[in-house]
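Only the coordinates and a few stated rules stand behind these numbers; no lab work does. The shown structure was predicted, so the numbers you read here are calculated from the model rather than taken from an experiment. Cβ coordinates were reconstructed from backbone atoms using ideal geometry, including for glycine residues, and neighbour counts include every protein chain displayed.
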Amino acid sequence: MDLNPTPEEQRFRDELRAWLEANMPEPWSGSPTGSESDPAYVAYLRDWQKRLFEGGWAGISWPKQYGGRGCSFIEQAIFHEEMARAGAPEQIGVIGLSLVGPTIIAVGTDEQKKRYLPPLLSGDEIWCQGFSEPNAGSDLASLSTLAVREGDDFVINGQKIWTSFAHFADFCLLLVRTDTEAPKHRGITCLLVDMHTPGIEVRPLRMMSGDSAFNEVFFTDVRVPASQVLGQINQGWTVAITALLNERANLGAGLYAMFRRNLEALVAHTRRERRNGRPLCEDPLVRQKLGQMHAELEVFRLNNLRALTRINKTGMPGPEGSIQKLYWSEFNQRMTRAALEILGPQAQRHDFDGGRWIYGYLRSRGNTIEAGTSEIQRNILAQRVLELPKSY
Amino acid sequence: MDLNPTPEEQRFRDELRAWLEANMPEPWSGSPTGSESDPAYVAYLRDWQKRLFEGGWAGISWPKQYGGRGCSFIEQAIFHEEMARAGAPEQIGVIGLSLVGPTIIAVGTDEQKKRYLPPLLSGDEIWCQGFSEPNAGSDLASLSTLAVREGDDFVINGQKIWTSFAHFADFCLLLVRTDTEAPKHRGITCLLVDMHTPGIEVRPLRMMSGDSAFNEVFFTDVRVPASQVLGQINQGWTVAITALLNERANLGAGLYAMFRRNLEALVAHTRRERRNGRPLCEDPLVRQKLGQMHAELEVFRLNNLRALTRINKTGMPGPEGSIQKLYWSEFNQRMTRAALEILGPQAQRHDFDGGRWIYGYLRSRGNTIEAGTSEIQRNILAQRVLELPKSY
Amino acid sequence: MEFELSETQRMMQQAARGFLADQCPSTRVRQIMETETALDPALWRAMAEQGWCGMTLPEKVGGLELGAVELAAVAEEMGRACVPGPFLSNLWAATLLAAVADRPAWAEELLAGIAAGERHATVALLEDESDWNPDAVRMPIEQRNGGLLLNGRKTLVGDAAIAERLLVVGRLNDQLAVVAVAPDDKGVSLKAAPAVDATRKLLDVEFQSVALDADRLVAQGPAAETALARATQTATVGLCAELLGGMQWVLETAVEYAKTRKQFDRPIGSFQAVQHQCADMLLLVESARSATYYAAWALSESEPNAAEAVSIAKVYVSDAAREVGNRGIQVHGGIGFTWEHDLQLYYKRFRAGEFLFGDATHHREHVATSLLKAVG
Amino acid sequence: MEFELSETQRMMQQAARGFLADQCPSTRVRQIMETETALDPALWRAMAEQGWCGMTLPEKVGGLELGAVELAAVAEEMGRACVPGPFLSNLWAATLLAAVADRPAWAEELLAGIAAGERHATVALLEDESDWNPDAVRMPIEQRNGGLLLNGRKTLVGDAAIAERLLVVGRLNDQLAVVAVAPDDKGVSLKAAPAVDATRKLLDVEFQSVALDADRLVAQGPAAETALARATQTATVGLCAELLGGMQWVLETAVEYAKTRKQFDRPIGSFQAVQHQCADMLLLVESARSATYYAAWALSESEPNAAEAVSIAKVYVSDAAREVGNRGIQVHGGIGFTWEHDLQLYYKRFRAGEFLFGDATHHREHVATSLLKAVG
């Protein structure tokens, strides 16, 4: 066990830090919570992704031949750490970078890799993920968006939901049903779909937190060439599993940075604000909550590091990634709740710190639902890691 | 809504209070936690039950014709309140009083009522309950203790487990399988079995808390007259349900008194004991825990009062009694944990207050298992109160 | 002893449910909450006609002189319907005024206006560095030229924009005092404080050398303390009952959804994980009901433990509402997290309700104090 | 960066597991814990032969001079096997002695004896009204006739009955000081403190005018503070690793039971309620592993955040062990609650472990202090 960086890892960090010092963009000064429904913010993030790509800092752990940097998963994590330390903007193409890219690398044809990976890394092409449907949530395999073969094309009809970034995405990793007779897991195909194809309509879904990070996507007679199949026809379920495992494995580092920023902002408030004659940070109850949140956040960071070591050896994320998903989603709910309890009634205001605390609290309720509910994650851990018998 | 006592209720309370003042026994001075495995303690409790009976204070809500007092369920609750206020000893025949008696009243023959209820109330005959088996815990209906008809008798072979009080009980409300061909719920019969019958062997089960409140009971060719069937042959399942509903409904008041005694003892400690220069009761963290426990305990008391009002009207406890079982078992686990946290490391000692705190903590782990696990209680609430579809 | 609503109380509650189902469906709630004041005068007058705006006020000002149990029974339905507007602000202020024995003459007219649903009032208690404990109030009220002079700032004042009088809690000669300020008094400025719950509007209020006539003094010293305590307890019971009604709505809605929504070819309500969440919600709702109605009864009977009972209710209900809301969303999955689903209205009220009149931490400390006093 | 045991560390751990499965099955644990001292000298010598009694001690006293990670790797297995006896007491005392640069001559021999498994020592810190913070220690050490005089009482001292030296923490000239007392020194009296975890014996120790030679002074002032802090951190890591091993055992045992125990004609492990409890246990165990091994690594590398990392581990592991124990019993049902089932051994150690070296509340306060220091 050695948590010190290797010489390469240290070099990587030094180099990145120097580059960041020279290349950090001006901080975003528009809408306060920086919502992806603001086109100016999206443009700002695309610029930043392009600059990262041109500097050689996109796809850290991807093979060089596809435009990546060919580094380890550890260096990938160092990248996220340094981005957070520098206060760098978020990465716009997170679905592409964390989920679509690794899946194309794992199962795509050489042509697909050459065509899609470089513009994905440069931010020139943003991806979204068309998996969930109104009647296929936790039971993803029951999806019913239909793709019928007509000559060299598939013709798609149906509806997707909870599609992040769809309103400005250029491509979609889409799951469709191509065999209605087969058992439900065996009739699914994964397609790489141009979002500018006629017949695709995107409608934003407003969330209780007030923003519209998700969309509904409607497909009406959308024609997609059969060459756009990722993996094999009717083998889309295994492609989907690969994508979901990568999603769970890749979110950790970026989330840690966000959580840490929130904790630090909270600590700053407890120094500044007074209640009944003393600063909040001197209240023993507040201190218990801060101590607990810091401990839990550190454990999240450490769990991520252990997972990285494992993935770095196996080359592939496994079902134990559900531990991370469960952990961060429930941690963030505890953390945003603790923040409101510590800050008191002012924290419910939309004009207190730009509303970040109440937004964070509301938004966190989605964490245990999106990207696989906590119930599904526990099922995975029980059945695929602990090997308990299937419950349904 | 009127939580004031009616004139009758007030009279009842006054009369009881006067009687208690004149008739309270000397406090128990033997083994400190007063374990039922101590025969002297059992004798002490039998004496007390007899004195209650002779004073007319047994079976408060039972019909007078069976030796009861013919009062309401509310007066029953007042009885428990006053017993607690006076610091009276516990009632030894709790299984008989809360579970067997009401079941015999509900489904027994006149003869059974006449024969069994008076000595049950007087403490002359103590009852136990033979339901669970090693392979029939949550799945009670899968029990396999066999009763084969031979002439006018049933001949019983099998094993029961978790049988409280079996080591000194005179009778057992026993569930046996009388039809091995029928669906499992339809082949069960309920018998009133004399525990002194040849072929019955009782072995105490030692618990992790160190005491032996439970037993295993082995039946080898035990002959029981067919006249001892309670209810109908092969209809024992509905008898069992009646018994279990009564069990859940009747425990509340007595438990409240015990919890309240614990809370008061804890409060006394927080005044007396100092840590780092101040009494525990001035520590804001301790105060939060005390406040929370007192609030939860009051809610338990109030839930009981509401349930009593309901039972007083319907005459029968319903499946919503599972709320009380869930509530008290989980509350007591939180309470005993909070006590250890407040009292600190001394509380782990067997010679600190006679070990009551660490005993209580360990013993409480059984609360969410005995008398129907929390999982079973939640199933009942979901399926029988909220009418969600059956899950298995 | 009978711990359930009487026949009359139940009928009153049923009538309220019917009235609100008709007059205040969630579509109307959403319209009203988008307005600046979240007050629909027509709805308010209709509610006043039902007697709800002066339920606990004296008959001579047009009230019904009912107790806190009847108040809770109706407030529960208002919570179930998520009724927007100044109900709690008016209740808080009117109870305060009514609890002062020798109140100024103008107060009668105001109380009558509140009971009639035509006028509104509120209480201004919280300061930037204080909590809900009146002892923490620091705002100075000075005697000046036979009148009073006010300087300072109050924050998160409910419905101040529509209140004819703000009952401001301050310190006069080192005693707690309550004075009545009109929003158009010189030196008063209001600023909206947009917050999580759009159905009840909060404002910050600045007082810059606000000069008041002597008759604006509502009460001071022990009289002010007693009236404020009584009023805050009554309003807290109203809030707990509202939260209870909301929880009941969430429970019923989640159970209904779990019966109809299918995944893996089965209703999701047949999965143990969903069943157990619903069972927990039921336990929380029923326990919140016990705590709330007991507090209401204790208050209406002036039981010696009434203050404790109110704090216990607020501790329990604050936490239970949050937990029920969380489970309600989780059972619904993504759809429960959308703007379109009414769950969000309740979830946000639960959150605002946790803060209002002191959070669970605040009241736990009260309960501990009371326990330590009772147990020698 | 590699956050997993190295090949050597893993082999050391595997060897420990094999050794303990062979030498210390639960039947032997139960025999040993029924004795007065919970020490089996033969087992102890055998463990010493494996190098475990002086794992982190200098080579010149017979130690292996390994780091805290190796210590944790082996302690995890000792926790899994529920090894009874003075491991943590010896570790605490020996690390304290070894951390003092200019220690008295007798200390070398004692350290060698500990490493050889032949001798034992312990630390006496807690007082009746103090907590685990050394600042709270009040016991006076006076200078008298060129020697030292001790008066007072220490409580819950681990394994004091078999310790050749008790390292007593007190105050000498207003400074923290550590002195070594032998149980047979005049004026020392021991009294057993029977407690929840029978595998480790606790005692109260009275000191009545105990006169000590000057060479019994182990350290004072900053040197004593540093050595005590280092020793307590090391022993805390050892404890966390033991708890981790116990949690792992509970998880595996519960999962195995859930696969084989049938109710309703199905393995109970096919019920979602049971599955989800097992999944939660897995999350808790794996997270406890991350926290524990990171603390061990930070300590062995003397990272600036080592003290914080140890407190974080103790916060997380204290709570996680309790929760895993609770779920382990619940999955087992009644049988998991019996004396005969080995679960009880672990459950009781988890409870004693929560208290030892400061509970989660105590360490949360440390973590908060450290966070507030780090975040400007």
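Annotations for the structure displayed:
- The Cα atoms of segment D:282-376 define a convex hull whose projected area, averaged across directions, is 6.8 nm².
- At an R0 of 30 angstrom, the distance between the Cβ atoms of residue D:305 and residue D:22 translates into a FRET efficiency of 0.20.
- For the B-to-A rotation axis, chain B residue with nearest beta carbon and its distance in angstrom: B:284, 3
- With a cut-off of 15 Å between beta carbons, the residues surrounding residue C:15 carry a summed charge of -3, where Lys and Arg count +1 and Asp and Glu -1.
- Remark: label point of residue D:146 defined 7 Å out from Cα along the Cα-Cβ vector; separations to the same position in other copies 9.2 nm, ascending.
- Across peptide B:299-308, the average count of Cβ atoms from other chains found within 10 Å of a residue's Cβ is 6.
- Residue among B:245, B:332, B:103 farthest towards the positive dipole end of chain B, charges placed on Cβ: B:332
- Segment C:121-254: translational diffusion in µm²/s, Stokes-Einstein, Kirkwood Rh over Cα pairs, 20 °C, 1.002 mPa s: 136
- Position residue D:215, label points 7 Å along Cα→Cβ, spacing to each other copy in nm (shortest first, one decimal): 9.5
- Applying 1/(1 + (r/R0)^6) with R0 = 56 Å to the Cβ-Cβ distance of residue A:179 and residue B:390 gives a FRET efficiency near 0.95.
- Inverse of mean 1/r across different Cα pairs in chain D, Kirkwood, Å: 21.2
- Fraction of the pair-distance distribution of segment B:43-197 above 22 Å, Cα-Cα pairs, percent: 46
- Helical mean residue ellipticity (222 nm; -39500 (n - 2.57) per DSSP H run of 4+; nearest 500) of chain D: -17500 deg cm²/dmol
- Charge dipole of the protein assembly as shown (Cα centre as origin; +1 on each Lys and Arg Cβ, -1 on each Asp and Glu Cβ, all else neutral): 780 debye, rounded to the nearest 20.
- Dipole-positive endmost among C:68, A:379, B:45 within the protein assembly as shown (Cβ charges, Cα centre): A:379
- Take residue B:313, push a point 7 Å out from Cα through the beta-carbon direction, and compare it with the same point in every other copy: 6.5 nm, smallest first.
- Tensor-based shape of the protein assembly as shown (alpha-carbon gyration tensor, a/c under 1.5 rounded, otherwise prolate or oblate): rounded
- Counting only whole DSSP H helices of chain B, the ones at least 30 Å long by C-alpha along their axis and with mean Kyte-Doolittle hydropathy no lower than -1.0 are B:236-272, B:284-314, B:321-343.
- Beta bridges from DSSP with both residues in segment C:121-220: antiparallel share about 85 percent, rounded to the nearest 5.
- Choice from B:271, B:310, B:223 showing the highest fluctuation, given a GNM over chain B with Cα pairs closer than 10 Å: B:271
- Per-residue mean of foreign Cβ neighbours for B:204-214 is 4 (Cβ atoms of other chains, 10 Å radius).
- Under the criterion of Cα pairs below 8 Å and six or more residues apart, the relative contact order for segment C:29-173 equals 23 percent.
- By the helix-only formula, in which each DSSP H run with n ≥ 4 contributes -39500 (n - 2.57) and the sum is divided by residues, chain A has a 222 nm mean residue ellipticity of -14500 deg cm²/dmol.
- Across the alpha-carbon atoms of segment A:1-84, the computed radius of gyration and Dmax are 14.7, 46 angstrom.
- Here the average projected area of the convex hull drawn through the C-alpha atoms of segment A:149-261 stands at 8.5 nm².
- Relative contact order computed over segment D:224-374 (Cα-Cα under 8 Å; 6+ residues apart), in percent: 28
- Contact order normalised by residue count of segment B:47-112, Cα under 8 Å, 6+ apart, percent: 22
- Dipole of segment C:7-115 [Lys/Arg +1, Asp/Glu -1 at C-beta], most positive-end residue of C:104, C:115, C:86: C:86
- √(5λ) per eigenvalue of the Cα gyration tensor, chain A, largest first, Å: 35, 24, 22
- The dipole here belongs to segment C:224-374: it is taken about the Cα centre, uses +1 on the Cβ of Lys and Arg and -1 on the Cβ of Asp and Glu, and is about 320 debye.
- Packing around the peptides D:67-74, C:58-65, C:175-182, D:140-147, taken as the average count of other Cβ atoms within 10 Å per residue, puts them in this order, highest first: D:67-74, C:175-182, C:58-65, D:140-147.
- Of all chain D residues, the closest to the D-onto-C rotation axis by Cβ, with that distance in whole Å, is D:272, 2.
- Fraction of the pair-distance distribution of segment C:166-207 above 17 Å, Cα-Cα pairs, percent: 46
- Bridging of residue B:50 to lysines at a Cα separation below 23 Å is possible for B:64, B:113, B:114, once same-chain residues fewer than 8 apart are set aside.
- The fraction of Cα-Cα pairs per 10 angstrom bin, counted from 0 for segment B:238-385, comes to 11, 37, 29, 16, 6, 1 percent, rounded to whole percents.
- Net charge dipole size for chain B [Lys, Arg +1 and Asp, Glu -1 on Cβ; Debye, nearest 20]: 1100
- Pairs from B:313/C:373; A:160/A:313; B:289/B:313; D:191/D:373; A:289/C:373; A:325/C:314 whose Cα-Cα separation, in the structure shown, is over 31 Å: B:313/C:373; A:160/A:313; B:289/B:313; D:191/D:373; A:325/C:314
- 10 Å Cβ neighbours from other chains, averaged over peptide B:360-368: 4
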